[in-house]
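J.: Before we start, here is the structure in question, set down as C-alpha cells.
None of the figures in this text is laboratory data; all of them are computed from the coordinates on show. Quick caveat, the model's predicted, so the values are computed rather than measured. Backbone-built Cβ (ideal geometry, glycine too); neighbour counts: all protein chains shown.
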C-alpha cells in the first residue's frame with residue numbers, strides 16, 4: 001500500500017519537474033521536444049482517470065466488474081448460441097422422448113382364467129411430446145424443465161428480463177430522486193418541507209407486503225397472466241423507491257449551495273435550471289453512481305423475491321425469480337436442484353457483483369481514502 | 001428536548017396518516033367482490049345460513065364503507081376505518097376469522113422470539129469480529145471476514161433457505177423443517193422443547209447469515225473511524241496498554257452508532273421475516289400475514305402494514321433519542 005502511494009507521488013513530481021525544468025532551462029524548448037508539444041510528454045490525470053485508476057487497483061471491484069460483464073454476456077449474447085432459443089423464447093426438446101409412468105391409478109385386481117390366477121394393475125402411461133424434466137446431458141447442460149425447455153437457455157433469457165428491469169427501475173428512481181431532491185435542497189423552505197415529508201411517508205411504506213398486495217390486486221383485476229403486471233409493479237417500485245436518492249441529493253445540495261462557486265454562479269446571472277443541473281448536480285454524481293450501483297442489487301433482489309413467491313412476472317415467463325420459484329415445490333427442491341440452483345447462483349452473483357463494484361466506486365471516489 | 005420530542009411525535013402522526021391513506025387507497029383497488037367472496041368463504045364454515053351470511057356481509061360493507069368504490073366513497077371508507085383504528089379496532093381478518101389485533105398479537109411473539117434470539121447471536125459474533133477486523137485492517141482475517149460478509153449480504157433468503165433445506169434437512173437429514181414441531185405432544189416436556197429448537201436451527205441460521213454481514217461491516221467502519229480519533233492517540237500517548245485502548249476507549253465509542261443501528265431492526269424484530277418464515281412454514285406473524293395478503297384479506301393487510309409502519313416510525317424516533325441518551329455530546333434540536 002505504501003509502495004503504491006509512493007508510485008503516485010513520484011509520477012506527479014516527475015511531471016512537475018519535467019514541465020518546470022524544461023521551460024526554465026531551455027527557452028527554446030521546442031527543439032528539445034523534437035517537435036512534440038509539451039502535453040504529449042506529460043501525463044495529466046483527470047479526476048475520472050484517477051477514480052478509474054483507484055477503482056482498478058482494488059481486486060474486489062475488478063472481480064465484481066468482470067462478473068457483471070460476464071452475466072451480461074451470458075444473458076444477452078448467450079441465447080444466440082443456444083440451439084433451444086427461438087424468437088426470444090424457448091423451444092421444447094422433442095428428441096429422445098422418455099415414457100413417463102404417471103403412477104398406479106387403480107388397485108391390484110385378481111382374477112382367474114381357466115383356474116390360473118392372474119394379478120393385474122392398471123397403469124396409465126403418458127407419452128409427452130417433449131423431454132420432461134430431463135437430467136443434465138450434453139444437449140442440456142442444466143437439464144430440461146417440466147415443459148421440456150432447456151434450463152440453461154431459460155436462465156439466459158431470464159437474465160435479460162431481470163437485469164433490464166434492474167437497470168430501468170434504478171435509472172427511473174434516480175431521475176425522480178435527483179429532480180425532487182434537487183428541488184428540495186435548492187429551494188428550501190416550504191418546497192423542502194413538502195418534498196421531505198413525502199419522502200418520510202413513502203420511506204415508511206413496507207415495500208414487500210405492499211408489492212404482495214399489489215400483485216393480488218392486479219391479478220384480481222384480470223392482469224394475472226400478462227407481463228404488464230410485472231411492469232406495473234415495477235412502476236410502483238419506482239414511485240416509492242426514489243426516496244433514498246432524494247435524501248442523498250438534498251443533503252449534498254444543502255451543503256454545496258453555500259459554497260463559493262455557487263456565489264459565483266449567482267453573480268454571473270445564471271438561470272436557476274442551469275445552476276441546479278449544471279453546477280450542483282454534477283457535484284453529486286459520484287454519490288449518485290455509488291447509490292445506483294448498490295440499488296441495482298436490491299431491485300434485482302425484489303424482482304427475484306416476487307418471482308420466488310410466484311407473484312412477479314406470469315409463471316411461463318423466464319425470469320430469474322420465476323426459475324427459482326420452482327424450489328418452492330418440494331419435489332423439485334429435493335430431486336431436481338438443476339432447475340433452480342442456477343437461478344439462485346445468478347441472482348446471488350449479480351447482487352454480490354453490484355455490491356463489490358458499488359463499494360469499489362465509493363472508495364475510489366472518496367478523496368479521503370488512503371488506498 | 002421535550003419540545004423536540006413533541007415535534008417528532010407530531011411528525012410521526014403525520015407520517016402514519018399519510019402511510020395509512022396510501023395503503024388504504026391501494027387496497028381499495030381490489031374489486032369489492034373479492035372482499036365479499038372472502039367473507040362468504042370464511043363464514044360459510046360456521047354453519048350460518050346463506051341469509052345470515054349475506055346480511056352480515058352487507059352490514060360489514062356498510063360499516064366500513066366498502067360498497068362504494070367512487071373516490072368519495074373510498075375517502076369515507078378511509079375515515080370509517082381510521083375512526084375504528086384509533087379506538088383500537090383494526091377490523092376482522094377473514095382468513096383467520098378473528099380480529100386483526102388478535103391475529104397480530106397471537107403470532108407476533110414467535111416471530112419476536114426467533115428474531116430476538118437471532119439478533120443476540122448476531123451481535124455476539126459480529127461485534128467482536130468487526131472490532132477485530134478493524135484493528136487488524138487489511139489483515140488476513142479482515143479480508144476473509146469482509147468477503148464472507150459480502151457473500152452473506154448478497155444471498156437471497158429464499159435461495160439460502162432452500163439450499164439449507166435441501167442439504168441439511170433432505171440430503172443429510174440432520175434437521176427437521178416444515179413447521180415448529182414434528183408432532184410430539186406438548187406434555188413430553190423437554191423432548192418437546194428440544195424438538196422445537198431443532199426445527200428452529202435452520203431458519204435461525206439463515207436469518208443470522210443474511211444479516212450478520214451488515215452488522216459486522218457497520219461495526220468495522222465505526223471502529224475504524226474511532227481508531228483515527230484524537231482521543232485514541234491521546235490514550236496511546238498516555239501509555240495505556242493496547243488492550244485497554246481497544247476495550248475501554250474504542251469499544252465504548254463504537255457502541256454509540258450501533259445502538260442507533262439496532263433501533264432500525266425494530267420492524268423486522270416484531271414484524272417477522274416474511275420469506276424465511278414462509279419457506280420454513282413457521283407460524284410467525286410474517287408467514288401468517290403473507291397468507292392473509294395473498295388471500296386478499298383487506299383488514300389484515302391494512303392492519304399488518306400499519307403495524308409495520310408504526311414500528312418503523314418508532315424505530316427511527318427511538319434511534320434519534322437513543323443517540324442523545326447514549327452519547328451526551330449529542331444535542332437534539334431543530
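J.: Quick check: residue separation of residue B:137 and residue B:259 times 0.36 nm, minus the Cα distance between them. What number comes out in nm?
T.: 41.6 nm
J.: Any idea how far apart residue B:21 and residue B:329 come out in nm if each label point goes 7 Å out from Cα toward Cβ?
T.: Label-label distance for residue B:21 and residue B:329, simple model: 4.1 nm.
J.: For residue A:138 and residue A:190, what does the FRET efficiency come to when R0 = 41 Å and r is the distance between their Cβ atoms, rounded to the nearest 0.05? Could the numbers behind the result be given before it?
T.: Working: r = 68 Å, r/R0 = 1.65.
So the FRET efficiency works out to roughly 0.05.
J.: What's the FRET efficiency of residue B:190 with residue A:283 using the Cβ-Cβ distance as r and R₀ = 51 Å, to the nearest 0.05?
T.: Details: r = 64 Å, r/R0 = 1.25.
Efficiency for this residue pair is about 0.20.
J.: Mind giving me the nanometre distance, one decimal, between the label points for residue B:37 and residue A:259, set 7 Å out from Cα along Cα→Cβ?
T.: For residue B:37 paired with residue A:259, the spin-label model returns 5.8 nm.
J.: Pairing the Cα long axis of helix B:71-86 with the longest principal axis of chain B, what angle in degrees results, from 0 to 90 and rounded to the nearest 10?
T.: 60 degrees
J.: Could you put A:249, A:116 in order, starting from the residue whose Cβ has the fewest other Cβ atoms within 10 Å?
T.: Listing A:249, A:116 from fewest to most nearby Cβ atoms yields A:116, A:249.
J.: Now a separate question. Based on C-alpha coordinates, I'd like the Rg and Dmax of segment B:102-326, in Å.
T.: Rg, Dmax (Cα atoms, Å): 20.4, 66.
J.: Within 10 Å of each residue's Cβ, count the other Cβ atoms and sort A:194, B:210 from fewest upward.
T.: By the 10 Å Cβ count, ascending: A:194, B:210.
J.: Right, something else. Full-extension gain between residue B:71 and residue B:50, please, as 0.36 nm times their residue separation minus the C-alpha to C-alpha distance.
T.: Numbers: separation 21, 0.36 × 21 = 7.56 nm, distance 3.10 nm.
Here the segment from residue B:71 to residue B:50 would lengthen by 4.5 nm.
J.: Under a GNM of chain B (C-alpha, springs under 10 Å), which listed residue has the highest mean-square fluctuation: B:136, B:253, B:222?
T.: B:136
J.: For chain B, take the longest principal axis of its alpha carbons; what is the angle in degrees between that and the long axis of helix B:100-135, to the nearest 10 within 0 to 90?
T.: 20 degrees
J.: Between residue A:110 and residue B:248, what's the calculated FRET efficiency when r is the beta-carbon distance and R0 is 60 Å? Round to 0.05.
T.: The value I calculate is 0.10.
J.: Give the angle, between 0 and 90 degrees and rounded to the nearest 10, that separates the Cα long axis of helix B:298-326 from the longest principal axis of the Cα atoms of chain B.
T.: Helix B:298-326 sits roughly 30 degrees off the main axis of chain B.
J.: For the pair residue B:63/residue A:62, report the inter-label distance in nm, with labels modelled 7 Å from Cα in the Cβ direction.
T.: The modelled label-to-label distance comes out at 6.8 nm.
J.: Would any residue of segment A:52-67 have its amide N under 13 Å from a label point 7 Å out along Cα→Cβ of residue B:147? List them or say none.
T.: Once the point is set 7 Å along Cα→Cβ of residue B:147, A:59-64 turn out to lie under 13 Å by backbone N, inside segment A:52-67.
J.: Taking all pairs of distinct Cα atoms, average 1/r, flip it, and tell me the Kirkwood hydrodynamic radius of segment B:13-100 in Å to one decimal place.
T.: 13.8 Å
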